[in-house]
Amino acid sequence: MDIRDANTHHQDPGAPIRSGIPEHGRIPKYYAVKARIAALMSELSEGDMLPPERDLAVRYEVSRETVRQALRELLLEGRLRRQGRGTVVAGPKLEQPLALASYTEGVRRQDRRPGRNLIGLDRFPCPAALAADVGAETGEPVWHMERVLLADDERVGLESTYVAVSRVPRLDVDFEPDSSFYAYLHDRVGVSFGDADERIETVLATPREALLIGTPPALPMLLIHRLSRDVDGRPLERVRTLFRGDRFSFTVRLGERG
């Protein structure tokens, strides 16, 4: 067995090739500390507190700055989270299906409690750039609804929905902002979703968005743009949703095309 085989033989299924170790075998000191902290985390449970930085620095015989860099990466990956002045082991990421299902359904499937906090519900004349996406004429009234997404009261995302007032004229009267908009459309308005186009990209939140979600501006976000249509193929809504990159992953089921 050559050196490469020896280094890749003992790995967890699905782990990166050579666990991130470059071919020359030399790794940054912080990365070695990160691996040792990760091994320590495997012995702990969700919510358990890590030792303080100074204790970790003494244990691994490195500087506190090296420990901080290792912890920063684990925080960005969502494997740790801040709690008060300490750092605790985070739970698994929420898996959201890329399908015509609401955020509420996706969170409930993982035995978490979904919720939303309304930031604002505004009505304004539809600009030309938005008209085709929501099936309205330029100048016709449209709604813009902005809500913070919650999972067990933890802020995990920010959602902006645009929809023509003609489709949901009583949105400001009989819709509960902390509930599913999809369920409202189906049960109260009699509108069902047919299909949608989605585009996903990674971005950094603006200072305002980071403040609303409660994250540092440097935290990577997953941004989803969705254009939805009803069962008759008519444009229905345009949605822009920011999800915390450290708390979400997305799944999709692929099938062979004939």
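Can you find even one residue in the stretch 25-38 that is among the small types (Gly, Ala, Ser), open to solvent by 70 Å² or more (accessible area, probe 1.4 Å), within 30 Å of the chain's Cα centre (by Cα) and modelled with pLDDT of 85 or more? No, the stretch 25-38 has no match at all.
Beta carbons closer than 9 Å, at least 6 apart along the sequence or on distinct chains, pair a first residue in the stretch 212-225 that is within 14 Å of ASP246 (Cβ to Cβ) with a second that is open to solvent by 40 Å² or more (accessible area, probe 1.4 Å) and among the charged types (D, E, K, R) for ILE213/ARG155; GLY214/GLU154; GLY214/ARG155; THR215/ARG155; LEU222/GLU201.
So which of GLY86, GLY115, GLY157, GLY120 ends up being out of contact with any Pro (no Cβ under 7 Å at 6 or more places or on another chain), modelled with pLDDT of 85 or more and under 17 Å from HIS225 (Cα atoms)?
GLY157
Might you check whether a residue that is more than 23 Å from GLY115 (Cα to Cα), modelled with pLDDT of 90 or more and not hydroxyl-bearing (Ser, Thr, Tyr) occurs anywhere in the stretch 214-230? Within the stretch 214-230, one or more residues are more than 23 Å from GLY115 (Cα to Cα), modelled with pLDDT of 90 or more and not hydroxyl-bearing (Ser, Thr, Tyr).
Out of the stretch 172-210, which residues are among the charged types (D, E, K, R) and out of contact with any helix residue (DSSP H, G or I) (no Cβ under 9 Å at 6 or more places or on another chain)? Passing the criteria: ASP172, ASP178, ASP187, ASP195, ASP197, GLU198, ARG199, GLU201, ARG208, GLU209.
Scanning the stretch 125-173 for residues that are more than 30 Å from ARG81 (Cβ to Cβ), surrounded by 17 or more Cβ atoms within 10 Å (Cβ to Cβ) and not hydrophobic (A, V, I, L, M, F, W, C) turns up ASP133, GLY135, TYR162, ARG167. Here ALA99, ALA132 are screened, and the one residue that is at pLDDT 90 or above, aliphatic (A, V, I, L, M), outside any strand (DSSP E or B) and out of contact with any Cys (no Cβ under 9 Å at 6 or more places or on another chain) is ALA132. Of all residues in the stretch 161-208, those being at pLDDT below 95, polar (S, T, N, Q) and outside any loop (DSSP other than H, G, I, E, B) number 1.
Among the residues of the stretch 211-221, are any in contact with a Ser or Thr (Cβ under 9 Å, 6 or more places away or on another chain) and among the hydrophobic types (A, V, I, L, M, F, W, C)? Yes, some residue in the stretch 211-221 is in contact with a Ser or Thr (Cβ under 9 Å, 6 or more places away or on another chain) and among the hydrophobic types (A, V, I, L, M, F, W, C).
The values are calculated or read from the model by the stated rules, or taken from the named source; none is laboratory data. Predicted, not measured: the structure shown is a model, and the values here were computed from it. Methodologically, a virtual Cβ is constructed for each residue, glycine included, from the backbone with ideal geometry; neighbour enumeration extends over all protein chains shown. Each accessible area value is taken on the protein alone, full model and side chains, heavy atoms only, with ligands, DNA and RNA left out. Shrake-Rupley method; radii C 1.70, N 1.55, O 1.52, S 1.80 Å.
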